[in-house]
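For reference, the structure is listed below as structure tokens.
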Amino acid sequence: MRYENIINGILVNSHSLKDRETVRRQVVLGGCDPAMFLAAEHFKKYDKENLAPCLMGNSLALAALRRGEVHAAGVHLVDERSGAWNLPNLKRDLGGLNCTVVTFAHWEEGIIVRQGNPKELRAVADFARPAVTIINREKGSGARRLLEREMRSAGIPSARVKGYGHEVLSHLEVASSIKAGLADAGIGVRAAAAICGLDFIPLQRERYDLVIPKAHYESLQGLRTLLDLIVSKPFRDELEALGGYDTRDTGKLVAGTADKLK
């Protein structure tokens with residue numbers, strides 16, 4: 001797959017889809033994972049309908065799911081109290097929407113820096129240095145939450161971080177901003193760094209899940225096609241080749257989903 005096509009896709013897929021006719025004709029997937037574009041390429045081999053990636057962070061994707069603007073949402077949110085991934089947050093954020101939660105993959109999230117790491121950044125604490133400019137993610141995103149947790153741990157107020165108020169909506173936009181020289185660093189996934197030829201400093205391993213309303217799953221064949229696709233060996237091999245993905249749990253139903261999300 002040509003990764004420059006992924007970067008070019010940001011501009012046409014980052015808006016919120018409010019055209020209900022578009023939603024009817026396509027399988028619309030909201031989330032921040034750059035691999036959504038890889039899935040869309042593979043999807044063409046299996047289904048006449050299109051898989052339309054719509055780049056947005058966790059909170060925006062879940063809000064779009066509630067409004068019926070997307071058919072599925074990708075999330076990676078850790079509960080600060082329990083350390084559990086996604087379910088505690090989903091129970092609160094979905095407002096009683098009956099959903100199935102399926103693991104897409106585990107991935108690495110951390111600090112994306114320019115090739116060669118010229119500012120010699122090693123940790124989020126280095127973001128407070130006067131010569132360092134970052135690119136941030138929007139409120140409610142998993143990357144923003146990770147950044148703020150690391151800043152609290154290091155005792156760094158946001159006022160000391162240059163670029164803290166400059167927000168974008170996806171990992172790819174973080175990486176492309178750094179690639180363009182608009183920032184020195186930002187929080188994102190290893191795959192986005194690899195696609196843009198940037199360096200990466202890992203901070204944590206995360207589980208990225210797909211949240212699918214049961215009503216959509218039962219009525220839209222394309223969603224069942226998507227789940228068959230992500231467990232296929234060709235897709236999993238190419239996903240892991242992007243870098244930072246672990247597909248051993250891909251396609252697994254998250255335990256306790258039905259009870260916890262009703």
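Once backbone amide H atoms are built at 1.01 Å from N, Cys99 has Lys214 as its partners under 5 Å, excluding neighbours fewer than 5 places away on the same chain.
With the alpha-carbon atoms of the stretch 109-204 aligned to their principal axes, the span from lowest to highest coordinate is 31, 27, 23 Å, starting with the largest.
Any idea what the relative contact order of the stretch 109-204 is, in percent, if you count C-alpha pairs under 8 Å spaced at least 6 apart?
Working: 183 pairs, mean separation 45.3, N = 96.
Rounded, it is 47 percent for the stretch 109-204.
Taking each of Lys179/Lys233; Lys44/Lys252; Lys45/Lys252; Lys44/Lys214 in turn, the alpha-carbon distance tops 29 angstrom for Lys179/Lys233.
Values quoted throughout were computed directly from the atomic coordinates according to the rules given, and no laboratory measurement underlies them. Bear in mind that the values here come from a model prediction, so they are computed numbers and not experimental data.
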